[in-house]
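I have placed the structure first, in the form of structure tokens, so that the comments after it can refer back to it.
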Amino acid sequence: MDEEKNILEILLDAENDDTIKLYDENDELVEFEQVAIVPLSEEELYAILKPVDPDAMGIPEDEAMVFRIDFDEFGEPYLAVETDNEKSIAVFDVYYQLLDEVE
């Protein structure tokens, strides 16, 4: 039996096309589609995720959310919503630059 992957392994798995399942502040399961993994520096890694049901989250259908990849006291990765607007803008700026380089 395969060992269960942690969130970082799932996000970095190029073969994974499953939705990312997270619990919100009300312990409700929310599903996201992975858009990108974006490094801002060697120490800062972010995930851009788009809700499968944006209406349920109260965000426009064409918007995605930025999550910071942090580590708990045991070294296990977890996702936290990035609440710093300037940091979120920086993540999207890097994402758009990467898209331009690919094109």
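The values are calculated or read from the model by the stated rules, or taken from the named source; none is laboratory data. Since the model is a prediction, treat every value here as computed from it, not as a measurement. Note that each Cβ is placed from the backbone with ideal geometry, even for glycine, and that neighbours are counted across all protein chains shown. Ligands, DNA and RNA are excluded from the accessible area calculation, which covers all protein heavy atoms including side chains. Shrake-Rupley method; radii C 1.70, N 1.55, O 1.52, S 1.80 Å.
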Heavy-atom accessible surface of the chain: percent carbon and sulfur, 1.4 Å: 46
Dipole moment magnitude, nearest 20 debye, the range 34-84 about Cα centre, only Lys, Arg, Asp, Glu C-beta charged: 160
Relative contact order [Cα under 8 Å, 6+ residues apart], the chain, whole percent: 20
Translational D in µm²/s for the chain (Stokes-Einstein at 10 °C, 1.306 mPa s, Kirkwood Rh from C-alpha pairs): 108
Total charge dipole magnitude, the range 3-79, about the Cα centre, Cβ charges on Lys, Arg, Asp, Glu only, Debye to nearest 20: 200
